[in-house]
Amino acid sequence: MTTPAPPPGYRQTRLIDPFEIHVGPVFEKGEGQARHYAFRVQAHHVNLGGRLHGGMLMTFADLTLGQAVWDATGNAPCVTLNMQTQFLNAAREGDLVEVQPAITRQGRSLIFARGDFSVAGEVIFMASSVWKLLGQN
Amino acid sequence: MTECPAGLPEGAEPAPSGGFNQFIGPFYRLPDQEGGAVRRFCFVAEEKHMNAAGSVHGGMLMSFLDVAMSRSTRLATDAQRLSTVALTTDFVGPGRLGEVIEARVRVTRRTRTIVFLSAELVAAERILVTATGLWKIPAAP
């Protein structure tokens, strides 16, 4: 299993969760809340039909939307309460999946984050999520 | 065919595997309940499934839902090609290292090309996740 090189303009994201390290690497470009993220679909990300597994997309969504929540809160401890995902089209090995996560609303204890995930400019997957800041009522 | 490790629920059998399923698995199928209305699957939470806070990663739980609900759609319809259209997941409580995490999946309705499902993930009778989803199947010829 070879590790893909960062796509042009991207650098490797530092991951700390064992599951994210297991399915990664993930790449990013830009700074702070304007960051874009990407991963390259590898052979171990696809199902038996050769299409990108929905679980990998949802994991990438959890990772990137969670990173956006961290950026917005100064790395406050938080958990995913809810995630809604929609699969618009398939991706295949070699495709680069990209997203720029967005914070839709930031309340005192709840944060809403979403993202459109695209391959070569076409949206293939959408995710919207609700996060709870721990210790905030 | 791999053997089932000790400690799995009675009747566990290795689920068909390959690609991403094999990379993040193994997964097991458990005997149906309620006369086939509830299809069950499980995996054992390993270090590779965790987040840095010591809980099973949400991405792993959603991946397991996708595996269990896709497999249930296939078992309910015999469809060979199917795809996840939408999945909504509520994270009710955390899963822990070493726990057997079980999926219980029901088909709510099946139309000619769409299957509606609901599922919950359970560990030691605690609900970790509730979910609903839509799967697309090819129209019968």
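Some points to look at:
- Calculated [222 nm] ellipticity per residue, helices only, for the protein assembly as shown: -6000 deg cm²/dmol; basis is -39500 (n - 2.57) per DSSP H run with n ≥ 4, divided by all residues, nearest 500.
- Note that chain B shows a convex hull volume over its alpha carbon atoms of 115 Å³ per residue.
- Close amide H partners of A:LEU88, meaning residues 5 or more places away or on another chain with modelled amide H under 5 Å apart, are A:PHE125, A:MET126.
- For chain B, the longest principal axis of the C-alpha atoms and the axis of helix B:58-77 are separated by about 40°.
- Rounded to the nearest 20 debye, dipole of the protein assembly as shown from Cβ charges on Lys, Arg, Asp, Glu: 640 debye
- The phi-based Karplus calculation (6.51 cos²θ - 1.76 cosθ + 1.60; θ = phi - 60°) puts the 3J(HN,Hα) values of region A:39-56 at 9, 9, 5, 9, 4, 7, 9, 9, 8, 5, x, x, 9, 4, 5, x, x, 5 Hz, whole numbers, x for Gly and Pro.
- If R0 equals 45 Å, the separation of the Cβ atoms of B:GLU125 and A:THR73 corresponds to a calculated FRET efficiency of about 0.85.
- Per-pair calculated FRET efficiency, R0 = 35 Å: A:ALA5 and B:THR88 via Cβ, rounded to 0.05: 0.45
- Across the alpha-carbon set of chain A, the Rg to Rh ratio works out to 0.96, Rh being the Kirkwood radius.
- Rounded FRET efficiency, nearest 0.05, which uses the C-beta distance separating B:ARG81 from B:ARG109 and R0 of 22 Å: 0.65
- Neighbour net charge for A:GLY115 - beta-carbon separation under 14 angstrom, K R +1, D E -1: -3
- Cα-based equivalent ellipsoid of region B:1-78: semi-axis lengths in Å, sorted from largest, via gyration tensor: 22, 15, 13
- About the Cα centre, charge dipole magnitude for region B:17-141 (Lys/Arg +1, Asp/Glu -1 at Cβ), debye: 520 debye
- Square roots of 5 times each gyration tensor eigenvalue, C-alpha, the protein assembly as shown, largest first, Å: 29, 21, 19
Quick note: the coordinates plus some simple rules give every number you see, no bench work behind them. Treat the numbers as computed from the prediction; the structure is a model and nothing was measured. FYI the Cβ positions are ideal-geometry reconstructions off the backbone, even for glycines, and counts take in every protein chain you see.
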